[in-house]
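Peer 1: Input: one structure, supplied below.
The values are calculated or read from the model by the stated rules, or taken from the named source; none is laboratory data. Fair warning: this is a prediction, and the values are worked out from it, not measured in the lab. Reconstructed Cβ throughout: ideal geometry from the backbone, glycine too, with neighbour counts over all protein chains shown.
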């Protein structure tokens with residue numbers, strides 16, 4: 001990984017913060033349905049669930065696709081941005097999953113449009129994000145990658161920040177819904193740190209292949225996300 005400046009680190013901490021007003025806290029990505037069906041019942045089963053989602057979903061599809069989007073933004077390749085944005089939306093295989101990425105993408109675009117992120121030079125990219133919002137929709141990784149490109153954040157560090165935000169949100173959902181105590185939740189998050197580093201390495205390999213190797217191996221995750229749409233009692237929107 002390249003050296004990270006203080007300014008770059010601050011930008012990534014800002015984007016990865018749970019205080020970023022994009023609504024990520026309101027989604028569990030199927031974890032709540034897994035709890036409802038008795039698949040996740042304690043810290044151990046929560047770790048297994050999140051680790052599987054990280055290794056077989058995030059590392060194989062979302063993370064390498066994020067890298068492709070980050071590189072497309074840096075290269076000014078609007079065609080590639082549009083292609084991978086549409087690819088990611090199409091890969092969301094439930095109504096709630098699609099609604100999640102589109103809502104969070106819209107919210108991040110609204111925030112970037114309202115604050116001086118990236119300076120005046122970022123204005124054309126804000127317009128490009130707006131065109132996606134008004135068109136087929138703006139996926140969250142597309143908007144996040146754009147924000148990282150605007151501050152020229154190293155792609156490996158930026159992907160690590162993106163992944164940590166995802167991981168932290170999954171643990172927060174487990175704390176609320178299993179439920180777990182705060183210490184158990186922090187222990188779970190700490191135990192998953194090495195897996196996040198592995199996911200970034202796997203994503204880099206997949207994004208560098210020709211063509212990029214994007215796939216998932218989470219059929220049960222997809223089924224439970226669809227079942228969550230009809231779950232009677234729930235805390236989360238996915």
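Peer 1: Can you find a residue that is under 29 Å from residue 197 (Cβ atoms), without any contact (Cβ under 8 Å) to a residue 24 or more places away in the chain and part of a helix (DSSP H, G or I) anywhere in the range 56-70?
Peer 2: No.
Peer 1: Output the residues belonging to the range 40-51 that are loosely packed, with under 15 Cβ neighbours inside 10 Å and either in contact with a helix residue (DSSP H, G or I) (Cβ under 8 Å, 6 or more places away or on another chain) or under 22 Å from residue 88 (Cβ atoms) (or both).
Peer 2: Scanning the range 40-51 gives a single hit, 41.
Peer 1: Please tell me if residue 171 is more than 19 Å from residue 64 (Cα to Cα), surrounded by fewer than 19 Cβ atoms within 10 Å (Cβ to Cβ) and touching a helix residue (DSSP H, G or I) at 6+ places or on another chain (Cβ under 6 Å).
Peer 2: no
Peer 1: Can I ask one more? Got at least one residue in the range 25-33 being in contact with a helix residue (DSSP H, G or I) (Cβ under 6 Å, 6 or more places away or on another chain) and surrounded by fewer than 17 Cβ atoms within 10 Å (Cβ to Cβ)?
Peer 2: Among the residues of the range 25-33, not one is in contact with a helix residue (DSSP H, G or I) (Cβ under 6 Å, 6 or more places away or on another chain) and surrounded by fewer than 17 Cβ atoms within 10 Å (Cβ to Cβ), which makes the answer no.
Peer 1: Go through the range 151-178 residue by residue and tally those that are within 18 Å of residue 33 (Cα to Cα) and more than 15 Å from the chain's Cα centre (by Cα).
Peer 2: 5
Peer 1: Which is touching a helix residue (DSSP H, G or I) at 6+ places or on another chain (Cβ under 9 Å) and at pLDDT 95 or above, of 55, 2, 75?
Peer 2: After applying the criteria, what remains is 55.
Peer 1: Give all pairs with beta carbons closer than 6 Å in which a residue from the range 95-110 that is free of Cβ contacts under 8 Å to residues at least 40 places away in the same chain and on the phi < 0 side of the Ramachandran plot meets a residue that is part of a helix (DSSP H, G or I) and surrounded by fewer than 23 Cβ atoms within 10 Å (Cβ to Cβ); count only pairs at least 6 apart in sequence or on separate chains.
Peer 2: Close Cβ pairs satisfying both conditions: 106/133; 109/133.
Peer 1: For residue 82, which of the numbered conditions (1) in contact (Cβ under 8 Å) with a residue 40 or more places away in the chain; (2) closer than 29 Å to residue 228 by Cβ; (3) assigned to a helix (DSSP H, G or I) fails to hold?
Peer 2: (2)
Peer 1: Let me ask you something else. Do we find a residue being more than 20 Å from residue 4 (Cα to Cα) and modelled with pLDDT under 95 anywhere in the range 136-146?
Peer 2: yes
Per-residue answers, yes or no, for (1) more than 18 Å from the chain's Cα centre (by Cα); (2) surrounded by fewer than 18 Cβ atoms within 10 Å (Cβ to Cβ):
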residue	(1), (2)
191	yes, yes
207	no, no
214	no, no
228	yes, no
